[in-house]
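Here's the structure we're looking at; comments come further down.
Nothing in this text is a laboratory measurement; each read-out follows from the coordinates by a stated rule. As the structure is a computational prediction, the values presented were derived from the model and not from experiment. Reconstructed Cβ throughout: ideal geometry from the backbone, glycine too, with neighbour counts over all protein chains shown.
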Amino acid sequence: MIRFFLFTVFFLSTTGVAHAQFRLPNLDVNRLIDSAKNVGKATKEIGEPEEIAIGRELAATLLGAAPLVNDARMQRYVNNVGRWLAAQSDRPGLPWQFGVLDAPQLNAFAVPGGTIFLTRGLVERMRSEAELAGVLGHEIVHVVKKHHLKAIQKGAATALAGDALSMALKDKNSGANEKLVSFGKEMYSRGLDKGDEFEADRIGVVLAARAGYDAYGLPSVLQTLQAMNAQDSGLALMFKTHPAPGERLDLLSQKMQPTLDAYSSQPQLEARFRAEFKPSPSK
């Protein structure tokens, strides 16, 4: 891709003489060169400040769809577990924050820059802190590996090339910013590539084990989802945006069985989870 880009710029730059000689009125060489440069900008890695800014925009969108559960103790507990897990990751310095959305559906969301949401419906299906850690670990990996950010950048390369992406980040009232948020909404309703989800499963298990939890936390949650009725409306978005639980369990067994078994004796912390988690008053 880089070689093609350099060749394109070189080719367009050397056509200036021919353009003047043959008087091609419909060929705006300078505009083509600028377009090529903008595509080049869009394919460069987005810096961490921009990543965090994108995440804030998307987090605000998610919170607009469902507020946080009005339970300070629950939110503090989930943040403590999440930040301990994030401290074991390759990006501990991000402004990590975690929240439980007051929604009955079962799902979890990670946005670029370190914000992660779980739904009340998903947390209510959990039985231990190890299960909570398994799900949070999966979402933390999405942020660490920049899965959503790369998906946004890929779309921005065509929809918000180069300078328009910078404008979207700087001016929240710009049309470019509206496009960025719209693309983010579409991404969360469509989901990531399966490969990203499988990678988050594998590394998430390792992250939970590194933090001292039973490595079977995430597989246990996947088994719960697998046992539920696939036609349940609360699972619709989860099943639309993620591979089937059975497929994820099979791949974890194939790729991670030694790790799962090696750390299966670590704590599940069921009693602490029950003591800390209180159902939402709105349930």
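Here is how the numbers come out for the structure above:
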| read-out | value |
| --- | --- |
| Kirkwood-based shape ratio for segment 54-100, expressed as Rg/Rh from alpha carbons | 1.01 |
| Cα principal axis extents for segment 197-283, largest first, Å | 38, 32, 18 |
| Dipole in debye (nearest 20) - segment 77-141, about Cα centre, beta carbon charges: Lys, Arg +1; Asp, Glu -1 | 20 |
| ALA103 long-range amide H proximity, modeled H, under 5 Å | ARG120, GLY121 |
| Solution diffusion estimate, µm²/s, Stokes-Einstein, segment 65-130, Kirkwood Rh from C-alpha pairs, 25 °C, viscosity 0.890 mPa s | 200 |
| Gain in span if fully extended, LYS194 to THR259, counting 0.36 nm per residue against the direct Cα distance | 21.2 nm |
| Calculated from backbone phi, Karplus (6.51, -1.76, 1.60) coupling profile of segment 213-223 in Hz, x at Gly/Pro | 9, 4, 5, 7, x, 5, x, 5, 5, 4, 5 |
| Label-point gap, in nm, between THR61 and ARG125 - each point 7 angstrom along Cα→Cβ | 2.4 |
| Peptides ranked, highest mean first, by Cβ atoms within 10 Å: ranges 135-148, 237-250, 96-109 | 135-148, 96-109, 237-250 |
| Those residues of segment 86-127 whose amide nitrogen sits under 18 Å from the label point placed on ASN70, 7 Å along Cα→Cβ | 100-104, 120-121 |
